[in-house]
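S.K.: Submitted below is the structure of interest, expressed as structure tokens.
The values are calculated or read from the model by the stated rules, or taken from the named source; none is laboratory data. On a predicted model such as this, the values are computed, not experimentally measured, just so you know. Neighbour counts are summed over all protein chains in view; Cβ atoms, including those assigned to glycine, are modelled from backbone coordinates with ideal geometry. Areas reflect the complete protein model, heavy atoms only, side chains present, ligands, DNA and RNA absent. Shrake-Rupley method; radii C 1.70, N 1.55, O 1.52, S 1.80 Å.
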Amino acid sequence: MTVRPRVAVLDYGIGNLRSAQKALEKVGADAVLTSDAVVVSSADAVVLPGVGAFGACMNALRDVQLEKVALDAIASGVPFLGICVGMQMLFDGSEEDTEARGLGVIPGHVKWIPPTVQRPQMQWNQLNLKKDEPLFNNLGEHPWMYFVHSLHGVPNDDSFVAATVEYGATLNVAFRKGNVFATQFHPEKSATSGLGLLHNFVTSVNA
Amino acid sequence: MNSDIVARVIPCLDVTNGRVVKGINFVDLRDAGDPVELAARYDAQGADELVFLDITASSDGRDTMVDVVSRTAEEVFIPFTVGGGIREVGDARRMLRAGADKVSVNTAAVQRPELISDIAAEFGAQCVVCAIDAKWDANRNSWIVYLHGGRTSTDLDAVQWAEHAVALGAGEILLTSMDRDGTRDGFDIALTKAVSSAVGVPVIASGGVGTLDHLADGVLDGGATGVLAASIFHFGDHTISEAKNLMSSRGIRVRPV
């Protein structure tokens, strides 16, 4: 690859976007933080980050007119990565805020982690891989990733689940549906294993 | 301890005017190096998170800290917290925008508790760490909260303040025993246990680590899920890897290095 893939990180004023941008740059992308529809539509790949509450994130995304931009990017077929609440927003809705409507890309709902264990899960945990997923290439059998979350995605169709972890129960923490990949964990904060996943994402642009 | 819990080993870097220092009982300072360099070294060694404590008093020093955070975000890909001098939401915003994942609040949150709820409302509870400096008070038979890096006493009961802070939206408690800090006698286990039993959020034990067994004690006996130390790592007494091996040998789940 001679040209660095251009990755648009959707900026809707939520969370620590700088670390996602820096991590993508570290693995060879030309990453821009943007809320500009034109920049996003010309990007080689799109990342939807997010931290905090589901409803607040959805509102913020809509306030800067990024909902349609995100859905258009997904429809265009470019590699698309949702991270943390950016992953949760791809579902139809969440128990955290039952009034808020999600993007509806992955049919299903986001549900609370069972109360039998400390919430949030704020720690590293080891993935159990459920799919022969290119983004997991060279990460080993059970890569360690960093989590901060109290809810997790439950798709209507189990075949979208790419990885799980054990935390009070078996939680779904990575999803694949077509060109959309989504992680509950933070690859940009998961040292070499996370950077490895992002590297696989960035190189998938030219694959 | 639930077997799904993976304990975190967290080196702490006290920073002033862009350099790492380590206070012994919050006073004597020795120079321990460049914060970004040290942070990258701990990331490479397998630290689970990092904490930067800005102990600078001047506003020039604060700008230097923003620069340290920003440079760290370019080289370090594990979560890091910045504390010290976070007095208003704007201070938190600056640090988070520069690349920090969490901010820790201490003195200003005691003086104005809504600081916690305000930061949590804007950025989420997961990025608000309430740091508590506590000291045993024999007369009151409880631990009392101290402010200004341990120089000012309050009437506040440390366990009650921890509960209140969590109710306001703190996602984590960073609990330092002033009685133990710098002594190398181990964490104040009774204090750690009292707070970790009282709150539902993760507690990071801090103050007093002299041996690797102390780290394991903080988890097994104190109920902490994160253990914080400075000197034993900075001056090369022990590596993160040695710490994790010891903890693992005592039955604690850790992310292997």
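S.K.: Here are some conditions: (1) within 19 Å of the chain's Cα centre (by Cα); (2) not in a loop (DSSP other than H, G, I, E, B). B:SER241 meets all but one. Which one does it not meet?
M.R.: Answer for B:SER241: the failing condition is (1).
S.K.: Filter the stretch A:3-42 down to the residues that are outside any loop (DSSP other than H, G, I, E, B), of a type in the set (S, T, N, Q) and more than 14 Å from every other protein chain (Cβ to nearest Cβ) and list them by number.
M.R.: Across the stretch A:3-42, the qualifying residues are A:THR34, A:SER41.
S.K.: For the stretch A:49-71, indicate whether the set of residues that are out of contact with any Lys or Arg (no Cβ under 8 Å at 6 or more places or on another chain), of a type in the set (Asp, Glu) and assigned to a helix (DSSP H, G or I) is non-empty.
M.R.: Yes, the stretch A:49-71 contains a residue that is out of contact with any Lys or Arg (no Cβ under 8 Å at 6 or more places or on another chain), of a type in the set (Asp, Glu) and assigned to a helix (DSSP H, G or I).
S.K.: For the stretch A:149-177, give me each residue that is free of Cβ contacts under 8 Å to residues at least 40 places away in the same chain and either buried (at least 24 other Cβ atoms within 10 Å of the Cβ) or away from chain B (no Cβ under 13 Å) (or both).
M.R.: Answer for the stretch A:149-177, where residues must be free of Cβ contacts under 8 Å to residues at least 40 places away in the same chain and either buried (at least 24 other Cβ atoms within 10 Å of the Cβ) or away from chain B (no Cβ under 13 Å) (or both): A:ASP158, A:SER159, A:VAL161, A:ALA162, A:ALA163, A:ASN172.
S.K.: Let me ask something additional. Tell me the residue from A:GLY82, A:GLY93, A:GLY104 that is away from chain B (no Cβ under 14 Å), small (Gly, Ala, Ser) and open to solvent by 10 Å² or more (accessible area, probe 1.4 Å), please.
M.R.: A:GLY104
S.K.: Determine whether B:VAL82 is under 25 Å from A:TRP144 (Cβ atoms), open to solvent by less than 10 Å² (accessible area, probe 1.4 Å) and in contact (Cβ under 8 Å) with a residue 24 or more places away in the chain.
M.R.: yes
S.K.: Let me ask another. With B:ASP60, B:ASP91, B:ASP54 as the choices, which residue is at pLDDT below 90, within 26 Å of B:LEU115 (Cα to Cα) and not β-branched (Val, Ile, Thr)?
M.R.: B:ASP60
S.K.: Then there is this: Can you tell me which residue among A:LEU135, A:LEU195 is over 18 Å from A:PRO107 (Cβ atoms) and open to solvent by 10 Å² or more (accessible area, probe 1.4 Å)?
M.R.: A:LEU195
S.K.: Any residue in the stretch A:38-49 that is of a type in the set (D, E, K, R) and free of Cβ contacts under 8 Å to residues at least 24 places away in the same chain?
M.R.: No, the stretch A:38-49 contains no residue that is of a type in the set (D, E, K, R) and free of Cβ contacts under 8 Å to residues at least 24 places away in the same chain.
S.K.: Next question. I need every pair where a residue in the stretch B:52-63 that is of a type outside the set (Asp, Glu) and in a helix (DSSP H, G or I) has its Cβ under 8 Å from the Cβ of a residue that is at pLDDT 75 or above and open to solvent by 80 Å² or more (accessible area, probe 1.4 Å), sequence separation at least 6 or different chains.
M.R.: Sorted first by the residue in the stretch B:52-63, then by its partner, the pairs are B:GLY61/B:ASN17.
S.K.: Quick one: in the stretch B:52-79, which of the residues that are within 27 Å of A:PRO187 (Cα to Cα) and polar (S, T, N, Q) is least open to solvent (accessible area, probe 1.4 Å)?
M.R.: B:THR72
S.K.: Kindly state which strands (runs of 3 or more DSSP E) lie completely within the stretch A:92-178 and contain at least 2 residues that are of a type in the set (Gly, Ala, Ser).
M.R.: So the answer is A:161-166.
S.K.: Then there's this: Given the criterion outside any helix (DSSP H, G or I), of a type in the set (Ser, Thr, Tyr), open to solvent by 10 Å² or more (accessible area, probe 1.4 Å) and within 22 Å of B:VAL105 (Cα to Cα), identify the matching residue among B:THR176, B:THR183.
M.R.: B:THR176
S.K.: Restricting attention to the stretch B:98-134, which residues are open to solvent by 10 Å² or more (accessible area, probe 1.4 Å), within 14 Å of chain A (Cβ to nearest Cβ) and either of a type in the set (Asp, Glu) or closer than 24 Å to B:ALA190 by Cα (or both)?
M.R.: If the condition is that a residue be open to solvent by 10 Å² or more (accessible area, probe 1.4 Å), within 14 Å of chain A (Cβ to nearest Cβ) and either of a type in the set (Asp, Glu) or closer than 24 Å to B:ALA190 by Cα (or both), then B:ASP101, B:ASP118, B:GLU122 are the ones that fit.
S.K.: Suppose we keep only residues that are open to solvent by less than 10 Å² (accessible area, probe 1.4 Å) and touching a Gly at 6+ places or on another chain (Cβ under 9 Å) within the stretch A:21-48. Which one would you say is nearest to B:GLY124 (Cα to Cα)?
M.R.: A:LEU48
S.K.: Let me ask something additional. Checking A:GLY140 against (1) open to solvent by 10 Å² or more (accessible area, probe 1.4 Å); (2) touching a strand residue (DSSP E or B) at 6+ places or on another chain (Cβ under 7 Å); (3) modelled with pLDDT of 95 or more: exactly one of these is not met. Which one?
M.R.: (2)
S.K.: Please determine, by comparing only the residues of the stretch A:119-132 that are away from every other protein chain (no Cβ under 14 Å) and not hydrophobic (A, V, I, L, M, F, W, C), which one is most open to solvent (accessible area, probe 1.4 Å).
M.R.: Among residues in the stretch A:119-132 that are away from every other protein chain (no Cβ under 14 Å) and not hydrophobic (A, V, I, L, M, F, W, C), the one most open to solvent (accessible area, probe 1.4 Å) is A:ASP132.
S.K.: If you don't mind, another one. In the stretch B:32-51, what residues are open to solvent by 30 Å² or more (accessible area, probe 1.4 Å) and either assigned to a strand (DSSP E or B) or of a type in the set (D, E, K, R) (or both)?
M.R.: B:ASP34, B:GLU37, B:ARG41 - these are the residues of the stretch B:32-51 that are open to solvent by 30 Å² or more (accessible area, probe 1.4 Å) and either assigned to a strand (DSSP E or B) or of a type in the set (D, E, K, R) (or both).
S.K.: Also, quick follow-up: Out of A:VAL64, A:VAL3, A:VAL7, A:VAL39, I need the residue that is under 20 Å from A:VAL180 (Cα atoms) and over 17 Å from the mean Cα position of the chain (by Cα). Which one?
M.R.: A:VAL39
S.K.: Also, quick follow-up: Where residues in the stretch B:196-238 are open to solvent by less than 10 Å² (accessible area, probe 1.4 Å) and within 14 Å of chain A (Cβ to nearest Cβ), which of them is farthest from A:GLN118 (Cα to Cα)?
M.R.: Per the stated criteria, the residue is B:VAL227.
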